[in-house]
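Quick notes on the structure that follows.
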């Protein structure tokens, strides 16, 4: 059986060993804590650097946002001014357009009135020209009929004279044939001249010119 003093010493040594172990553990924990503290301090420094960089970036972003805001305000002011200028120009152009439209409408109205007046004058002139042309054509036809009657009478007289002359029958036949050819040509020429005169009478408006053409035609027929 262990003596009490030995027991106390053992207990004391055991306690010292436990304390020694606890001290070693505490020192190790302190060492680990110091290492963790160093790591933490390094992390804090890194975080501070990142915070400072972010703060600087935020400051730059704020400055950029402020600059962009000012530029946007200037652009908006400029756009508003340009829009107002464009509205004013559009209003002026619309006013000018309305004025020109009114002027052109009035000019068009005057042109239409003048055109209608000219048409009416031309209708009257054409009506008068047709009446005068018809009258002159009728006169020419009557003169042509008289001319043909006179020519027929002359041929008939010549035929009677030729019948009384037996010795010159062949010559008379030739002359009659010649006269017939001349009459035929005269008719053809007269018809052509009448058609020509009709065309000329349609194109002319002055009765003086028409009378000259009529006189020339009559002279030509009688000469033939």
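The values are calculated or read from the model by the stated rules, or taken from the named source; none is laboratory data. It should be emphasised that the depicted structure is a prediction, and the values quoted were computed from it without experimental measurement. Every residue, glycine as well, gets a Cβ built from its backbone with ideal geometry; the counts of neighbours run over all protein chains shown.
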Can you confirm whether residue 146 is touching a helix residue (DSSP H, G or I) at 6+ places or on another chain (Cβ under 7 Å), at pLDDT 70 or above and in a helix (DSSP H, G or I)? no
For the range 120-132, does any single residue satisfy the condition of being over 30 Å from residue 195 (Cβ atoms) and in a helix (DSSP H, G or I)? yes
